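Notes for the one structure printed next.
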Amino acid sequence: MTDPGLRLRLRLRLQRRPRGEGGTILLLTLGYVVIALGLVAVVVDASAVFLARRALASACDGASLAGAQSVDVPGVYHGAASTTLPLAQVQGAVARYQAEAAPDSALTASVSGSVSGNVSGNVSGADRIVVTGSRTVTLPVSRLLGIAPVTVRARAEASSDRLTGLTSP
């Protein structure tokens with residue numbers, strides 16, 4: 001192999017790349033990066049919706065319990081109150097709870113009628129406080145794409161049982 005031309009031809013042949021395959025790895029890598037970024041965007045937005053829904057459900061639950069606890073307990077337990085819970089008193093308690101615990105949510109309270117039937121030996125009826133809530137969630141990544149905010153909803157119930165046969169201490 002002393003021919004200088006042969007050496008030059010071998011070197012040129014080894015340096016040449018096959019035609020049509022240049023940049024293929026770059027395109028594959030860019031494609032995988034785009035897919036990974038899309039998955040991250042979906043996970044971030046889904047997490048924002050999940051956390052907002054969980055916080056709203058917790059606020060509804062707390063508001064319904066606050067409404068149930070705001071009732072005139074001695075009157076309900078000793079039969080002096082009517083068989084339904086006072087709606088204005090319940091709504092006031094829910095509004096106070098919302099102002100303190102969930103100011104960015106819209107909570108609505110309602111009182112439903114008595115439950116028919118005897119729940120246990122000493123319960124003659126029960127009234128339910130139903131709190132429904134809604135909250136608008138701005139999606140962190142999707143808002144950059146012009147996608148509108150999402151509204152999440154939650155519902156919670158609490159009951160105040162009217163007991164019979166109690167004696168005053």
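The values are calculated or read from the model by the stated rules, or taken from the named source; none is laboratory data. This one's a predicted model, so the numbers in the text were calculated from it and none came from an experiment. Backbone-built Cβ (ideal geometry, glycine too); neighbour counts: all protein chains shown.
Could you give every pair whose Cβ atoms fall below 6 Å, whose first residue belongs to segment 42-54 and is surrounded by 12 or more Cβ atoms within 10 Å (Cβ to Cβ), and whose second residue is assigned to a helix (DSSP H, G or I) and not hydrophobic (A, V, I, L, M, F, W, C), counting only separations of at least 6 or pairs across chains?
Within 6 Å, the pairs are 45/142.
Specify the residue that is nearest to the chain's Cα centre (by Cα); the eligible residues are those in segment 143-158 that are surrounded by fewer than 18 Cβ atoms within 10 Å (Cβ to Cβ) and either modelled with pLDDT under 90 or not in a strand (DSSP E or B) (or both).
Checking each candidate, the answer is 149.
Can you tell me which residue is modelled with the highest pLDDT among those in segment 56-72 that are out of contact with any strand residue (DSSP E or B) (no Cβ under 7 Å at 6 or more places or on another chain) and under 14 Å from residue 95 (Cα atoms)?
62
What pairs can you find where one residue is in segment 135-161 and over 12 Å from residue 49 (Cβ atoms), the other is of a type in the set (Asp, Glu), and their Cβ atoms are less than 6 Å apart, with a gap of 6+ or different chains?
Matching pairs, first to second residue: 156/61; 160/127.
When segment 98-126 is examined, which residues are found to be in a loop (DSSP other than H, G, I, E, B) and modelled with pLDDT under 75?
113, 114, 115, 116, 117, 118, 119, 120, 121, 122
From the list 94, 76, 130, which residue is in a helix (DSSP H, G or I) and at pLDDT 80 or above?
94
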